[in-house]
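Taken together, the values in this text are just the output of simple stated rules run on the coordinates, not laboratory data. This is a predicted model, so every value here is computed, not measured. Cβ atoms come from the backbone with ideal geometry, glycine included; neighbour counts cover every protein chain shown.
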């Protein structure tokens, strides 16, 4: 017998890369630039819950400081932390980054967000997280997306 035990966890919903691609593309419809590219690096992904993604963001959070942390650094840190948690589950999460027009009031033209396909009681949902603001972002406010990446 192994010296450790693990409790059975409810399995996360698995999606193939084509399904994730279709969901992200549909969620971004009308919000992308003509040069938009979606780069998929994974063939199978699982869908975390919103609290799971929030926990990864909390573990990766570093308060934004001018000329120190850039939004893409913060977004990558959240995705990295999410994929560390996913590794314990045995499959990458449907999480990545995307670049879009900066939120209103920003001093920059572009901003990097974290996107995810999360599993809710109502079903699967595309959601955005803004690591710089350390808060969820509104998908309807998104515009000028030029890339999404897993």
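For the chain, modelled as a Gaussian network with Cα springs under 10 Å, which listed residue fluctuates most, 110, 128, 98? The residue that fluctuates most here is 110.
Less than 13 Å from a label point 7 Å out along the Cα-to-Cβ axis of residue 108: which backbone N atoms in region 116-150 qualify, by residue? Counting backbone N atoms under 13 Å from the label point, the list is 130-134. For region 9-46 versus region 103-138, the spacing of their alpha-carbon centroids is 15 Å.
Each Cα pair under 8 Å and six or more residues apart adds its sequence gap; the mean of these over the residue count of the chain is a relative contact order of 29 percent.
The long axis of helix 17-27 is offset from the longest Cα principal axis of the chain by roughly 40 degrees.
Sorted largest first, the spans of the alpha carbon positions of the chain along the three principal axes are 58, 34, 27 Å. Each of residue 72 and residue 55 was given a label point 7 Å from its Cα along the Cα-to-Cβ line. The distance between the two points is 3.1 nm. For the chain, the longest principal axis of the alpha carbon atoms and the long axis of helix 71-89 meet at an angle near 10°.
Computed over the alpha-carbon atoms, region 94-150 gives an Rg to Rh ratio of 0.98, Rh here being the Kirkwood radius from the mean inverse distance. Among 105, 90, 17, the residue with the largest mean-square fluctuation in a Gaussian network model of the chain, with springs joining Cα atoms closer than 10 Å, is 105. Compared with the alpha-carbon gap, the fully stretched path from residue 40 to residue 21 is longer by 6.1 nm at 0.36 nm per residue.
Please build a GNM for the chain, connecting alpha carbons under 10 Å apart, and tell me which residue among 39, 53, 28 fluctuates the most. Its mean-square fluctuation being the largest, the pick is 39.
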